[in-house]
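Since the structure comes first, as structure tokens, the remarks are kept for the end.
The values are calculated or read from the model by the stated rules, or taken from the named source; none is laboratory data. Keep in mind that this is a model prediction, so the values were computed, not measured. All Cβ positions, even for glycine, are placed from backbone atoms using ideal geometry, and neighbour counts span all protein chains on display.
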Amino acid sequence: MELYIDRDAFLAGLGRVQGIVERRNTPNPILSHVLLEAADGRLRLTATDTELAFIGDFPANVVTPGDVAVDAQSLFQIAKVLPDSTAHLSLSSQMRLEVTSGSAWYKVVGLPAADFPTLPDFDGKSAMTLTAGKLRWLIEQAGFVVCQDDNRWGINGAHLEVVDGNEGERLLRMVATDGHRLSYAQIPFEGEFGMPERMLVPRKALAEIKKLCVVDDEEIELSFGESSALVTTSTARFYFRMIDGEFPDYRQVVPTSFQRRAFATRDTLNAALKRVGVLAQDRARPVRFAFADGAVTVTASHSDLGEAREEVPIELEGDAVDIGFNIRYFQEVLQAVADERVIIELGDALSPALIRQPEADDSLLIVMPMRLD
């Protein structure tokens with residue numbers, strides 16, 4: 001195998017697989033490797049952890065076709081420091097991959113491509129098409145609240161479903177929760193939605209799909225099988241196994257009526273929470289939000305460290321109320337709002353808060369309250 005490849009393209013490809021490959025202490029060492037296959041004017045990179053798999057093609061000047069599996073993290077670190085804009089890769093008879101660029105030279109131990117695990121066959125029968133920009137937005141709006149605890153079946157992945165829009169169009173809705181927050185967002189799509197019931201998209205898969213959404217107007221195809229899904233772009237394929245788990249009926253926790261509505265400036269409120277949060281050091285990180293006419297006063301206190309308080313201008317419709325929230329949860333929800341202005345809809349002191357942006361009904365975020373006393 002011998003080829004020349006643009007260093008930045010090589011680096012981008014290796015960066016793409018870092019979230020998929022296993023670390024070096026894995027029981028199966030080959031899973032920490034990336035498979036390199038050179039042929040037909042491209043270098044194909046393949047990585048898998050047996051649950052996820054990425055296959056990406058990158059333009060290359062291939063002198064001699066060939067293949068080898070190399071430790072993905074080591075090769076990535078090498079690519080990051082190559083001095084020249086072009087990398088030269090060549091494989092010796094002893095399965096050593098030589099990488100040269102400018103005055104730099106490396107020899108990396110490789111493994112035969114035959115040792116690399118065979119990727120599973122995909123049994124997809126339906127496919128839908130979305131634009132990369134909208135799919136990335138969908139993941140950014142909902143994916144960040146997927147439960148981090150893989151033992152909490154049913155909420156350790158994102159739920160997908162099709163809903164009808166205001167004008168009768170079909171929308172793909174993604175819903176996620178960690179038990180403290182809930183978020184959903186929806187985007188238009190074309191084609192057929194064929195995701196089986198009781199299936200969820202894993203948290204790790206969401207992160208990898210987002211990396212594929214580079215060019216906003218590029219069309220991305222998403223197809224589903226019985227227990228797996230395939231994401232296809234013009235230069236890459238990403239396969240993942242879905243999680244078998246029944247997502248809870250989220251509509252039961254979405255408030256349908258409110259006693260109060262506050263209008264705030266997102267960045268101003270978020271900056272105040274950052275300052276007050278310096279003293280919100282308890283594990284639960286509780287902060288008191290005292291909503292009143294003209295302002296919300298946020299207060300954090302710690303029995304050993306002291307107290308912090310700041311007043312933030314708002315417009316309030318309804319009566320004053322004090323509500324407690326975990327400051328980190330509230331900050332992360334605010335950061336997901338794209339608009340500069342946010343609407344915070346409230347019930348009583350123990351009711352969840354619904355956060356959304358004005359003049360938009362394609363997403364909403366919910367934060368559960370905390371008892372203050």
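Can you work out which of the residues in region 240-288 that are among the basic types (Lys, Arg) and under 29 Å from Leu222 (Cα atoms) is surrounded by the most Cβ atoms within 10 Å (Cβ to Cβ)? First the steps, then the outcome.
Just the residues of region 240-288 that are among the basic types (Lys, Arg), to begin with: 241, 251, 260-261, 266, 274-275, 283, 285, 288.
Subsequent filtering for residues that are under 29 Å from Leu222 (Cα atoms) retains 241, 251.
Working: Arg241: 17, Arg251: 9.
Looking at residues that are among the basic types (Lys, Arg) and under 29 Å from Leu222 (Cα atoms), I get Arg241.
Could you tell me how many of the residues in region 295-311 are among the hydrophobic types (A, V, I, L, M, F, W, C) and surrounded by 19 or more Cβ atoms within 10 Å (Cβ to Cβ)?
Start the filter on region 295-311 by keeping residues that are among the hydrophobic types (A, V, I, L, M, F, W, C), which leaves 295-296, 298, 300, 305, 308.
Add one more test, that the residue is surrounded by 19 or more Cβ atoms within 10 Å (Cβ to Cβ), and what stays is 296, 298, 300.
Residues in region 295-311 being among the hydrophobic types (A, V, I, L, M, F, W, C) and surrounded by 19 or more Cβ atoms within 10 Å (Cβ to Cβ): 3 in total.
Does Arg237 count as among the basic types (Lys, Arg), under 16 Å from the mean Cα position of the chain (by Cα) and crowded, with 16+ Cβ neighbours inside 10 Å? It would help to see each step written out before you state the result.
Values: among the basic types (Lys, Arg): yes; under 16 Å from the mean Cα position of the chain (by Cα): no; crowded, with 16+ Cβ neighbours inside 10 Å: yes.
No, not satisfied.
Determine whether Gly133 is under 26 Å from Leu35 (Cα atoms) and under 30 Å from the mean Cα position of the chain (by Cα). Even if it seems obvious, please write down each step before you answer.
Values: under 26 Å from Leu35 (Cα atoms): no; under 30 Å from the mean Cα position of the chain (by Cα): yes.
The answer is no for Gly133.
Is it the case that Leu334 is over 30 Å from Asp362 (Cβ atoms), buried (at least 17 other Cβ atoms within 10 Å of the Cβ) and modelled with pLDDT under 95?
No: the conditions fail for Leu334.
Determine, yes or no, whether Val163 is assigned by TED's automatic domain parsing to the domain that holds Val231, in contact with a Leu (Cβ under 8 Å, 6 or more places away or on another chain) and in contact (Cβ under 8 Å) with a residue 40 or more places away in the chain.
Considered against the rule, which asks whether it is assigned by TED's automatic domain parsing to the domain that holds Val231, in contact with a Leu (Cβ under 8 Å, 6 or more places away or on another chain) and in contact (Cβ under 8 Å) with a residue 40 or more places away in the chain, Val163 comes out as no.
Among the residues of region 130-142, is any at pLDDT 95 or above, within 30 Å of Arg7 (Cβ to Cβ), outside any helix (DSSP H, G or I) and of a type in the set (Ser, Thr, Tyr)?
Taking every residue of region 130-142 in turn, at least one turns out to be at pLDDT 95 or above, within 30 Å of Arg7 (Cβ to Cβ), outside any helix (DSSP H, G or I) and of a type in the set (Ser, Thr, Tyr).
Find the residue count for region 218-229, including only residues that are surrounded by fewer than 19 Cβ atoms within 10 Å (Cβ to Cβ) and modelled with pLDDT of 95 or more.
Residues of region 218-229 surrounded by fewer than 19 Cβ atoms within 10 Å (Cβ to Cβ): 218-219, 221, 226-227.
Okay, now just the ones that are also modelled with pLDDT of 95 or more, so 218-219, 221.
Residues flagged as surrounded by fewer than 19 Cβ atoms within 10 Å (Cβ to Cβ) and modelled with pLDDT of 95 or more within region 218-229 amount to 3.
Can you find, within region 288-311, the residue that is nearest to Val278 (Cα to Cα) among those that are out of contact with any Ser or Thr (no Cβ under 6 Å at 6 or more places or on another chain), hydrophobic (A, V, I, L, M, F, W, C) and at pLDDT 95 or above? Full working, then the answer.
Filtering region 288-311 for residues out of contact with any Ser or Thr (no Cβ under 6 Å at 6 or more places or on another chain) gives 289, 291-306, 308, 310.
So of that shortlist, the ones also hydrophobic (A, V, I, L, M, F, W, C) come out as 289, 291-292, 295-296, 298, 300, 305, 308.
Subset that is at pLDDT 95 or above: 289, 291-292, 295-296, 298.
Values: Phe289: 16, Phe291: 21, Ala292: 24, Ala295: 21, Val296: 18, Val298: 12 Å.
Within region 288-311, the match that is nearest to Val278 (Cα to Cα) is Val298.
Among the residues of region 359-373, which ones are outside any loop (DSSP other than H, G, I, E, B) and under 26 Å from Arg170 (Cβ atoms)? Spell out how you get there, then give the answer.
Keep residues of region 359-373 that are outside any loop (DSSP other than H, G, I, E, B), which gives 363-367, 370.
Within region 359-373, Ser363, Leu364, Leu365, Ile366 meet the criteria.
Please report, ordered by residue number, the strands (runs of 3 or more DSSP E) entirely within region 11-128 with at least 2 residues that are free of Cβ contacts under 8 Å to residues at least 24 places away in the same chain and either surrounded by fewer than 16 Cβ atoms within 10 Å (Cβ to Cβ) or assigned by TED's automatic domain parsing to the domain that holds Pro188 (or both). Step through it out loud before you land on a result.
Details: elements: 33-39, 42-48, 52-59, 61-64, 66-71, 86-91, 96-101, 104-111.
So the answer is 96-101, 104-111.
What tally of residues in region 37-69 results from selecting those that are among the acidic types (Asp, Glu) and within 19 Å of the chain's Cα centre (by Cα)? So that I can check it myself, show each step before the final result.
Residues of region 37-69 that are among the acidic types (Asp, Glu), as a first pass: 37, 40, 49, 51, 57, 67.
Applying the additional criterion that residues be within 19 Å of the chain's Cα centre (by Cα) yields 49, 51.
Number satisfying all stated conditions: 2.
So which strands (runs of 3 or more DSSP E) stay within region 261-358 end to end and still have 1 or more residues that are within 27 Å of the chain's Cα centre (by Cα)?
Details: elements: 286-292, 295-302, 306-313, 315-317, 321-326, 341-346, 353-356.
Output list reads 286-292, 321-326, 341-346, 353-356.
Restricting attention to region 220-256, report how many residues are in contact (Cβ under 8 Å) with a residue 12 or more places away in the chain and under 30 Å from Glu317 (Cα atoms). Lay out the reasoning, then the answer.
Of region 220-256, the ones in contact (Cβ under 8 Å) with a residue 12 or more places away in the chain are 220-248, 250, 253-255.
Cutting the leftovers down to under 30 Å from Glu317 (Cα atoms) gives us 250, 253-255.
Residues flagged as in contact (Cβ under 8 Å) with a residue 12 or more places away in the chain and under 30 Å from Glu317 (Cα atoms) within region 220-256 amount to 4.
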